[in-house]
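**Q** Quick one: the structure is below, questions incoming.
The values are calculated or read from the model by the stated rules, or taken from the named source; none is laboratory data. As the structure is a computational prediction, the values presented were derived from the model and not from experiment. All Cβ positions, glycine included, derive from the backbone under ideal geometry; neighbour counts span all protein chains shown.
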Amino acid sequence: MFGTGEGLLIDAGLGVSPWTVLAQGSARVLGTGVGVATFLVSVAVLLLWVPLRQRPGLGTLANAVVIAVSLGVAVAVLPDPEALGWQLGEVLLGIALIGVGSGCYLTTGLGPGPRDGLMTGLHLLTGVGVTPVRLGIEVAVLTAGWLLGGTVGVGTVLFALLVGPSVGYGLALSGWLGRQRSR
């Protein structure tokens, strides 16, 4: 769900999440597809875990691979919408899928994704709160990706405003589904 949501944001052409801006810029520089670049960014982020003494889990590795593959497939098969209404619809659906996908993977207990582990590792190392650490990471990644040629636009702004609530709803939905299965 997460990778497909990111694919919808790319396909809409209105701007993408900060990490995908970095992947797009990296893909442009490296001459690869955005799915491959997303995987390479994940590997680079995992290498940053070493000095932070973070330990990956099965979910960490699955996150890096599954998101990259599903994003690459989504970008390859989705039609390119030309009407602004369809583009905005893809952005909103993409953000919703990212929220639900986040809720699903965050509640498995199999380890954080590469980017989440970087955030928690820096938080533990510096003692700075999670919110400013994550904000600093997102701004740095967005800036680097934009400088490399990634797409920043209204979709990026909508992502910034809506991804928090989307993940919150995704976590609530995942918790509700878990309670339904245990009955």
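**Q** Which of the residues belonging to the range 124-135 are assigned to a helix (DSSP H, G or I), free of Cβ contacts under 8 Å to residues at least 12 places away in the same chain and either farther than 13 Å from Pro51 by Cα or basic (Lys, Arg) (or both)?
**A** Val130, Thr131, Pro132, Leu135, listed by residue number.
**Q** Turning to a different aspect of this structure: Taking the criterion of being out of contact with any strand residue (DSSP E or B) (no Cβ under 7 Å at 6 or more places or on another chain), small (Gly, Ala, Ser), within 19 Å of Ser166 (Cβ to Cβ) and not in a loop (DSSP other than H, G, I, E, B), would at least one residue in the range 65-72 satisfy it? Quick ask: steps written out before the conclusion?
**A** Start the filter on the range 65-72 by keeping residues that are out of contact with any strand residue (DSSP E or B) (no Cβ under 7 Å at 6 or more places or on another chain), which leaves 65-72.
Subset that is small (Gly, Ala, Ser): 68, 70, 72.
The next check asks that each one be within 19 Å of Ser166 (Cβ to Cβ); those that pass are 70.
Those left that are additionally not in a loop (DSSP other than H, G, I, E, B): 70.
For the range 65-72, residues out of contact with any strand residue (DSSP E or B) (no Cβ under 7 Å at 6 or more places or on another chain), small (Gly, Ala, Ser), within 19 Å of Ser166 (Cβ to Cβ) and not in a loop (DSSP other than H, G, I, E, B): present.
**Q** So how many residues does the range 20-57 have that are of a type in the set (Lys, Arg), modelled with pLDDT under 95 and either at negative phi or under 15 Å from the mean Cα position of the chain (by Cα) (or both)? Reasoning before the result, please.
**A** Looking only at the range 20-57, we keep the residues that are of a type in the set (Lys, Arg), and these are 28, 53, 55.
When the remaining residues are screened for being modelled with pLDDT under 95, the result is 53, 55.
In the following step, the residues that additionally are either at negative phi or under 15 Å from the mean Cα position of the chain (by Cα) (or both) were identified as 55.
Going through the range 20-57 one residue at a time, the tally reaches 1.
**Q** Related question: List pairs: first in the range 140-166 and outside any helix (DSSP H, G or I), second surrounded by 14 or more Cβ atoms within 10 Å (Cβ to Cβ) and charged (D, E, K, R), Cβ under 6 Å, 6+ apart or cross-chain?
**A** Correct list of pairs: Gly149/Arg28.
**Q** Does the range 69-90 hold any residues that are aliphatic (A, V, I, L, M) and either at pLDDT below 95 or within 21 Å of Ala27 (Cα to Cα) (or both), and which are they?
**A** Let us first name the residues in the range 69-90 that are aliphatic (A, V, I, L, M), namely 69, 71, 73-78, 83-84, 88.
Within the range 69-90, Val69, Leu71, Val73, Ala74, Val75, Ala76, Val77, Leu78 meet the criteria.
Matching residues to (1) among the acidic types (Asp, Glu); (2) in contact (Cβ under 8 Å) with a residue 60 or more places away in the chain; (3) farther than 18 Å from Val141 by Cβ:
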{"residue": "Met1", "(1), (2), (3)": "no, yes, yes"}
{"residue": "Leu22", "(1), (2), (3)": "no, yes, no"}
{"residue": "Val34", "(1), (2), (3)": "no, no, no"}
{"residue": "Ala62", "(1), (2), (3)": "no, no, yes"}
{"residue": "Leu71", "(1), (2), (3)": "no, yes, no"}
{"residue": "Ala74", "(1), (2), (3)": "no, yes, yes"}
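**Q** Scan the range 8-22 residue by residue and report those that are more than 11 Å from Gly149 (Cβ to Cβ), of a type outside the set (S, T, N, Q) and in a helix (DSSP H, G or I). Talk me through it step by step, then tell me what you get.
**A** Restricting attention to the range 8-22, the residues satisfying the condition of being more than 11 Å from Gly149 (Cβ to Cβ) are 8-20.
Add one more test, that the residue is of a type outside the set (S, T, N, Q), and what stays is 8-16, 18-19.
Residues satisfying the conditions are Leu8, Leu9, Ile10, Asp11, Ala12, Pro18, Trp19.
**Q** Which pairs have Cβ atoms under 8 Å, sit 6 or more apart or on different chains, and link a residue in the range 42-54 that is farther than 24 Å from Val69 by Cα to one that is exposed (fewer than 15 other Cβ atoms within 10 Å of the Cβ) and at pLDDT below 95?
**A** The qualifying pairs are Leu52/Leu124; Leu52/Leu125.
**Q** Being outside any helix (DSSP H, G or I) and within 30 Å of Ala172 (Cα to Cα) narrows it down to one residue among Thr32, Thr108, Thr60, Thr4; which is it?
**A** Just a single option satisfies the conditions, and that option is Thr108.
**Q** For the range 151-170: of the residues being of a type outside the set (Val, Ile, Thr) and touching a Ser or Thr at 6+ places or on another chain (Cβ under 7 Å), which is nearest to Gly5 (Cα to Cα)?
**A** That would be Phe159.
**Q** Across the range 85-105, which residue is surrounded by the fewest Cβ atoms within 10 Å (Cβ to Cβ) among those that are touching a Gly at 6+ places or on another chain (Cβ under 8 Å) and of a type in the set (A, V, I, L, M)?
**A** Leu93
**Q** Please go through the range 136-150 and pick out each residue that is exposed (fewer than 13 other Cβ atoms within 10 Å of the Cβ) and farther than 18 Å from Leu48 by Cα. Working first, answer last.
**A** Within the range 136-150, the subset exposed (fewer than 13 other Cβ atoms within 10 Å of the Cβ) is 139-140, 147.
Correct list: Leu147 only.
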